[in-house]
Amino acid sequence: MRSKKKSKLKAFLHLPNRIYKVFKGKKTTSIKTPVDSSTNMEGTSRKDSPKTVEISDDDIIKLVRSECMKGNYEMTIVPIDLWDFGGQKIYHMTHQLFITSRGTFVLIFNGGQRINEEDGAYLVHWVNSVLTYCKPLKENEEFPKIVFVATHKDQVKGDIEEQRHSLENSIEKLFQNHGGKKHLKYRPLIFVDARNKDDKDIDVLKKQLVEVALDHPRCGELMPTKFVPLELQLAKKGEDKQKIVTIDELKGMNNQNEIMALDNDELKLFLKVNHALGKLIFFDEAGLRDKVIIDPVFLVDVLRSIVTEEQFWPQHLLQIFKALKESGKLLKKDLYEIWKQECFQTILKHKEYMVEMLVHLDIICRQKDDTNESDYFLIPCMISTKREDNTHMLFDRSIHLAYTFKDEVVPPAILYRFIATFITIWKLQISKDANLMLFTDSADVSIDKEHEMRFDLQRNKLIITLSHKTSHTSIVSTIASTAQECLTHAITQISNFYFSVTDDSDCTIYLPFTIQIGIVCGTDLCFFDHTVSSKGEWICPYHKRKHKTDVVSRWFSDKLPTKDDRCSENCLGLDKAWLDSLPDDKHLGRLAAELTIEETLKMYMHLKERKPSQSWKNIESYSRGDFDIKINALHDWKKSTKHATFRKLQESLKEEELNIHILCQILRDVQTDVDLPTDKLNLKPSSSDVKLLPNHIGRETFQLGIELGLSVVEMHQIQSNHVTNLRGQTEDVLNKWRKTQKAAYEVLAKTLYRLDLCSVLSYFSYDVGVKEQLEDIIRNNESRIKREIETNQILDHMMTHLVISVDERRRIEQHAGQDDRNKALLEIILERIEVTYLVFLDALQNSGYQNLADQLKCEIQDLSQIATLATTENEGISNVVVHVFVVQLQKNYSNIINNVMYETIEDHLMASDVLTIEDNQMVKSGSTQEQKNRELMDKLLRRGEKQFTEFLTALRGDNAELADQIEKTEVTSRDISTIQSCYRQSEGI
């Protein structure tokens, strides 16, 4: 610190915590004030001879108090501390406490050779680290400054200046597209021989550092004069080798300063400012706020007692080091053993406090559920074990999330703190060989018996994989969204933590990452911005594949409910992931339900950019109730701007002094307080139960539709279709919703709960038959089936299993377009779903549509019920005559299609009048052998037993084995009843 007014104590006040060392071990001290004949900027003559004043330590403090009270001093901040950071990765976790936006950074590298790829990565990493944790004071600010210094000039064999220019050009190329280029100072590059004290570039470096420091925007910043006495008292404590003071001690010292004593708010500011300056360490956190580290070097000693290279470990403690490197484990007794070393014994006096400090800094961490305080800690930054299956991920059972950093290198400190947070929220998994699943850049945790989660670092992405033990479609939405919220909150807090320890501002750092969703695209993961998930589908720009986002969007579904649906006291509102997201119509509906008309009007006037008053009047004129007005207003704002985010909603709530935690509430799931049959919750509501609802909904139809997931536009259309018929609107809403994939009793129950209509649930029978479930499953996947499948092979399989007749196949194939053929096939499946469903699933599998078959299977809980249903449905069907030879022929349908050469039997079939000339021409018009055989089977299945016999005779000349197989095919009563159902349905019986 320095004075702006004349004083004999000018030199002393310049650096109180450093110059005070002059007084070490002396009761009295000589302070010399230089004077000269020439006049300096403060008017002091240099010709005056130096004067010496004998004064005690206490008298110095009293004198300073006196001068300060007279207003003779204005204290200003001057950057003075020097920190030499270890370059090895192991130390990166400790650097962030001392990287400050007030600082100047000297990036030193070997300039005796060219900058190779490894050197370049090193330089980029350090620039990224500094700029990640040092927020510029204002937009386009060039501070913090990073000065590049090349060393080993003595090792250059050629021309020094040529090497200097070569290094400058290499740095220029390395950072040509880097966003932080304006912070870099490398032209002209300082190039030194550190062994030569007379090297002129060393003087240039000194001068440049002084210039940069004096140009710093915070150089000359005013400091409260009242801070001075307490600073001097702490400096004296430091000189007495005291490392830590309690808050009570600090308050006692402060009270000695009488009218210069700081009040409680000023004392908090004193701690905050000096913490930011790096002159002391103080965290206002539980377990830490009762003490202050007054010598930051002491904290460095604590850190290096654990986080250090092998060469610095004593021989008798190397086993501890090896255990740390292998598993990341550190026994509590081993930690205290480390601190018994002579150089660390001071730490033992404060061991409980220092353990809490290390936990707070995430240097060490405890596992989740460590309520019994286990005998070991985990230290992620020390572990060196790599995961062997680093690239293996369970794509079929998982959904993926990524925090993607804007720079190519993730600062290691963020990585280690993230791992530490990850394993303290959820419990680490145990491997088959009984080791914790914790690695140098990866970890596996268990969430519950069904779900597990994995973290991986891949370049600049922190990838989160959430898996279910059976299928990704079984992942519980609230678990996914709550996990996402925890992770986003954690990484946000980590970034903000570093800002808080390097600055005394209340601002929030601009977070250096984006949130993305990963989706399986081919054999790998591709990523897209999380806000796109609300659109329902995404086209990968690299592989040109279209993907549905319904499953992966579970990361941003409703979160777990809270007690009384309220936020906790420490809730700060929505995290970055949600603030950047676009609210869907359901969210707007919930918000509308929470607001009054007056509150909505205030928000609308703040949100709507163009003619809000006129628009509001229009909305009032066509809306039919309070809820309609509110939802229409919010929707009108949403469609009028490209930036309709939760952040905008939160800003408007703050502007109008409304509770921002309303947004937290509308993103939470609800917990119904009635008993529901858990085995029925995932089923689509029966049509009979749905028909009960219009009697109970009343005027809540619009809110019902929005909460069920229909859009505002769809609701407007339904209203226009039933202008005066409110019951018709409700029926239309429910029928439209019931056809969606998300229709389930659980969704309906929670919707009724939100509408305060949960009493209606008592009327439900939950009597959902298997047949009704199957019909709903087919309808849910109807568009996908129509879009994806090609019917020929599927129809072959279904013909072979007797669930489609020859007439039905002809009816399907009369359509020219594949979509229309698939639609006709689905109509037949739905007509006779009890006998066609399982066969259709097998046909999909055999035809290469495994994913689609799996999707249809996973939506029905018990496939065995379908077979029972089919048996029951087929009982009593006997009024349609089906010949045995027809069944024999059709049961061999696929074999005939794939194994008959028509040309070899053509002559016999023509000679024996099995086929006419016209029939033969139609068969031969097929472009492939399979198509010819399908046309042949269409003719044979319409002929009599004589033609069947002649076909077998013709076939024996070419494929006797197949002919015998057809003739010997067993025909059961089940076969007869199955095919009878086809003909019975076809004839409308």
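Taken together, the values in this text are just the output of simple stated rules run on the coordinates, not laboratory data. This structure is a prediction, so every number in the text was calculated from the model and none was measured. Glycine gets a Cβ as well: all are built from the backbone with ideal geometry, and neighbour counts include every protein chain shown.
In order along the range 470-485, the Karplus-derived 3J(HN,Hα) couplings, from 6.51 cos²θ - 1.76 cosθ + 1.60 at θ = phi - 60°, round to 10, 7, 5, 6, 8, 4, 6, 4, 5, 5, 5, 5, 5, 4, 4, 4 Hz, and Gly and Pro are given as x.
Quick one: putting +1 on the C-beta of Lys and Arg, -1 on the C-beta of Asp and Glu, what dipole do you get for the range 222-299 around its Cα centre, in Debye to the nearest 20? That gives the range 222-299 a dipole magnitude of about 200 debye. Rounded to the nearest 0.05, the FRET efficiency derived from the C-beta distance between residue 594 and residue 429 at R0 = 45 Å is 0.65. Each of 616, 578 was scored by other Cβ atoms within 10 Å of its Cβ. Arranged with the fewest first, they read 616, 578.
The gain in end-to-end length when the residue 263 to residue 972 segment is fully stretched comes to 245.5 nm, 0.36 nm per residue minus the alpha carbon separation. The listed peptides 534-540, 311-317, ordered by packing as a protection proxy, come out as 534-540, 311-317 (highest mean of other Cβ atoms within 10 Å first).
Near the amide H of residue 545, under 5 Å away, which other amide H atoms are found, from residues 5 or more places off or on another chain, if H is placed in the peptide plane? Counting only residues 5 or more places away or on other chains, the set is 540.
A straight Cα-to-Cα reach below 16 Å connects residue 406 with the aspartates and glutamates 529, residues fewer than 8 places away in its own chain not being considered. Restriction of the trypsin sites (Lys or Arg not before Pro) in the range 594-651 to DSSP coil positions whose beta-carbon has at most 15 other beta-carbons within 10 angstrom yields 610, 624, 642.
Entry note, the range 772-860: relative contact order of 40 percent, from Cα contacts under 8 Å with a spacing of 6+ residues. For residue 385, the residues whose modelled amide H falls within less than 5 Å of its own, excluding neighbours fewer than 5 places apart on the same chain, are 440. Once you sort the root eigenvalues of the Cα gyration tensor of the range 563-666 as a ≥ b ≥ c, which label holds: rounded (a/c under 1.5), prolate (a/b larger than b/c) or oblate (the other case)? Prolate shape, in that a/c is at least 1.5 and a/b is the bigger ratio. Between residue 823 and residue 723, the C-beta separation translates, for a Förster distance of 25 Å, into a calculated FRET efficiency of about 0.20. Annotation: peptides 684-697, 797-810, ranked by per-residue average of other Cβ atoms within 10 Å with the highest first, follow the order 797-810, 684-697. Shown here for the range 538-642: GluC sites (Glu not before Pro) in loop regions (DSSP other than H, G, I, E, B) with at most 16 other Cβ atoms within 10 Å, namely 569, 609.
Rounded if a/c is under 1.5, else prolate if a/b is larger than b/c, else oblate: which is the range 313-382, with a ≥ b ≥ c the root eigenvalues of its Cα gyration tensor? In terms of gyration-tensor shape, oblate. One decimal place: the segment residue 215-residue 931 gains 249.3 nm when fully extended, by the rule 0.36 nm per residue minus the C-alpha distance.
For a paramagnetic label modelled on residue 315 (point 7 Å from Cα along Cα→Cβ), amide N atoms under 18 Å away belong, within the range 330-367, to 341-342.
Using the average count of surrounding beta-carbon atoms within 10 Å as a protection proxy, the listed peptides 928-934, 376-382 rank, highest first, as 376-382, 928-934. Shown in residue order for the range 921-930 are the 3J(HN,Hα) couplings computed by the Karplus curve 6.51 cos²θ - 1.76 cosθ + 1.60 at θ = phi - 60°: 5, 5, 5, 6, 6, x, 7, 10, 4, 5 Hz (x for Gly and Pro). Derived scalar couplings between HN and Hα for the range 171-186 equal 5, 4, 5, 4, 10, 4, 10, 7, x, x, 4, 5, 8, 9, 10, 9 Hz in order, rounded to whole Hz, by the Karplus curve 6.51 cos²θ - 1.76 cosθ + 1.60 (θ = phi - 60°), x for Gly and Pro.
Across the cross-link table entries 386/427; 145/291; 153/206; 241/329; 181/639; 586/823, which are compared at the Cα atoms, the separations over 27 Å belong to 145/291; 241/329; 181/639; 586/823. Proximity of backbone amide H atoms, modeled 1.01 Å from N, is registered between residue 244 and 294 at under 5 Å, excluding neighbours fewer than 5 places apart on the same chain.
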